[in-house]
Amino acid sequence: MRKRILVTGGAGFLGSYLCERLLNEGNDVVCLDNYFTGQKQNVVHLLNHPYFELVRHDVTMPYFVEVDEIYNLACPASPIHYQYNPIKTMKTSVMGAINMLGLAKRVKARILQASTSEVYGDPEVHPQPEEYWGHVNPIGERACYDEGKRAAETLFVNYHRQNGVKIKIVRIFNTYGPRMHPNDGRVVSNFIVQALQNKDITIYGNGLQTRSFCYVDDLIDGMIRMMNTDDKITGPINLGNPGEFTILELARKIISLSDSKSQIKYMPLPADDPMQRQPDISKAKAILNWEPDHNLEDGLLKTIAYFKETLQL
Ligand code: NAD
Ligand code: UDP
């Protein structure tokens, strides 16, 4: 049966893939975005689809629409963008959650929150299971994002406990792929753009900090599986690729896969930059029967090809 689905942040990197997948599965999709970090260009190919609607709106303001499901993705995700206006970032997470949960309650929709591995902060438990409460600096430069997302999780569970709203929380670990914004400052897009231009690769700190990188198609598959679980499954559930790499290893891989002459340049490490990050995905495997399909090289090759073509490098 065709479902009507609202995707907030739908013109962003992940949101645009999600809209596309939901339309391909025969749904009616309302994509809402204020274009802060997203772009119309990400969804322009969907505009002629008869079951696609694009709405310019800011989630900090109430919005009403009759839908069966809501995917709440609206929030800048890259550190340079979420730190640009930290008060607005926190409002987006907190007021956005309140507005979307209020809507879910009113129209009895299921609602999924795109939470983040950042709720674990700079983790002291490795890899990170969902039971870990995290290690977050509440007054640091990343707090507007981390604490905003943590407060959003609190709102989600309380709308569920108090009002019976059907919630789903996924904690997304670093995800990459074509359609990332070339200037959003995230490590994969930065390194690929630098490598393709034979410019210095900017490693912050000594490059021994680790991240685990998930290819976008795998992530979207996990999100949709989560939305389609029984009402009693609320999460949080980690979604990410457990393959863990140092940032230096990532730089070397990208230089080699893009046949680049770039050199590595070391720069200061930003404040509160987590030293390690790797998802424990046992729950996603058991409950969603999900695990990522792409290894890092496959995903990087696709992403390099995308940047080569779109930036004509
Ligand atoms: P993105 O910046 O490309 O997308 C976010 C979208 O939200 C953009 O289109 C932006 O314009 C929109 N937006 C921002 N503030 C808004 C507001 N107030 N009202 C309406 N729209 C607004 O980032 P992304 O990587 O696609 O991330 C999507 C979601 O997934 C975010 O909530 C992010 O926190 C979460 N997430 C992403 C990753 C990742 O690695 N990509 C990891 C963890 C969590
Ligand atoms: N990073 C880096 N060079 C860059 C961009 C990022 O060394 O040009 C590092 C950053 O300090 C962090 C890691 O790469 O340790 C991942 O950064 P990103 O901003 O992609 O995501 P997050 O820190 O939120 O995981």
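The values are calculated or read from the model by the stated rules, or taken from the named source; none is laboratory data. The model shown is predicted, which means the values in this text are computed figures rather than measured ones. Heads up, the Cβs are rebuilt from the backbone with ideal geometry, glycines too, and the neighbour counts pull from every protein chain shown. What goes into the accessible areas is simple: the full protein's heavy atoms, side chains included, and nothing from ligands, DNA or RNA. Shrake-Rupley method; radii C 1.70, N 1.55, O 1.52, S 1.80 Å.
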Among residues belonging to segment 202-239 that are assigned to a loop (DSSP other than H, G, I, E, B) and among the hydrophobic types (A, V, I, L, M, F, W, C), point out the one that is surrounded by the fewest Cβ atoms within 10 Å (Cβ to Cβ).
-> LEU208
TRP133 fails exactly one of (1) closer than 15 Å to ALA151 by Cβ; (2) within 13 Å of ligand 1 (Cβ to nearest atom); (3) aromatic (Phe, Trp, Tyr); (4) exposed (fewer than 15 other Cβ atoms within 10 Å of the Cβ), namely (2)
Considering only residues that are more than 16 Å from ligand 1 (Cβ to nearest atom) and not hydrophobic (A, V, I, L, M, F, W, C), look in segment 186-201 and name the one that is least open to solvent (accessible area, probe 1.4 Å).
-> GLN194
For segment 116-159, name all the residues that are part of a loop (DSSP other than H, G, I, E, B) and touching a Phe, Trp or Tyr at 6+ places or on another chain (Cβ under 9 Å).
-> PRO123, GLU124, VAL125, TYR132, TRP133, GLY134, VAL136, ARG142
Checklist (1) touching a Gly at 6+ places or on another chain (Cβ under 9 Å); (2) within 14 Å of ligand 1 (Cβ to nearest atom) applied to TYR159, failing item | (2)
Of (1) open to solvent by 20 Å² or more (accessible area, probe 1.4 Å); (2) more than 25 Å from LYS283 (Cα to Cα); (3) within 16 Å of ligand 2 (Cβ to nearest atom), ASP122 satisfies all except one. Which?
-> (2)
Residue satisfying condition, being among the aliphatic types (A, V, I, L, M), within 22 Å of VAL170 (Cβ to Cβ) and either touching a residue at least 12 places away in the same chain (Cβ under 8 Å) or surrounded by fewer than 21 Cβ atoms within 10 Å (Cβ to Cβ) (or both), within set ILE254, ILE247, ILE287, ILE264 = ILE287
Output the strands (runs of 3 or more DSSP E) that fall wholly within segment 1-85 and possess 2 or more residues being more than 16 Å from the chain's Cα centre (by Cα) and either at pLDDT 95 or above or within 30 Å of TYR204 (Cβ to Cβ) (or both), or say none.
-> 4-8, 28-33, 52-56
